[in-house]
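Below is one structure, written out as structure tokens; comments come after it.
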Amino acid sequence: MKCATFKNSILITSLLVMAACTSSKPPLEYIGPNMVKGPSLKAQRADCYMFKDSNDPHCIRGPRMPVEGTIPTNFEPYPYPNDAEAAGRLLKNPLRPTKAILERGQILFDTYCAVCHGNTGDGNGYIVPKFPQPPTLASDKVTNWTDGRIFHVITMGQNLMPSYASQVTADERWAIINYVRVLQRAAHPSAADLKAVGK
């Protein structure tokens, strides 16, 4: 009985406190009403308030359009998306074919390229014959391409080959190209190469 009386008295006290907190007077505003009751922009939705980028002079978009020339973080723009010839002429491999670079290139080649082009670049990758056989990387055509031209193909893709720009960074593409040059030289060794290995 005492417990029920105690609970009732707490309930009545709480109701009296809440009733005392209500007021018919408006609350005091210490900052301008526009700062207290300003509109909130909803993501991906048009809201009308102050910027003039629509037919209504008061309409704005929640997500603002980026300034012209803005690029995403960690994104490197590619200057020759539609010009393989310019890429071949103007792009130069910044990486020297050191042992470390060639080893890195081999790992990347075996990871991303060998599935189609084969471990030796002969075009007999794991996916053949389920998919059409890609050309051998040791062909005269590819061997005579500049590093920049091969970089363009890896970056933009060609024929059935998709772009690998999102999987392989620019430096990794250059390392792969250095390793491709090793595969080409192994497929067509010079007399000096054969002499060096004692054949």
**Asked** Condition test on residue 110, is it more than 28 Å from residue 72 (Cβ to Cβ) and more than 24 Å from the chain's Cα centre (by Cα)?
**Response** no
**Item:** Selected residue (criterion: surrounded by the most Cβ atoms within 10 Å (Cβ to Cβ)) from residues of the stretch 90-135 that are hydroxyl-bearing (Ser, Thr, Tyr) and free of Cβ contacts under 8 Å to residues at least 24 places away in the same chain
**Value:** 111
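Between 107, 101, which is in contact with a Leu (Cβ under 6 Å, 6 or more places away or on another chain), closer than 30 Å to residue 123 by Cα, modelled with pLDDT of 85 or more and of a type in the set (A, V, I, L, M)?
Only one candidate passes the filter, namely 101.
The values are calculated or read from the model by the stated rules, or taken from the named source; none is laboratory data. Being a predicted model, the structure only gives us computed values, none of them experimental. For neighbour counting, all protein chains shown are included, and Cβ atoms are generated from backbone atoms with ideal geometry for every residue, glycine included.
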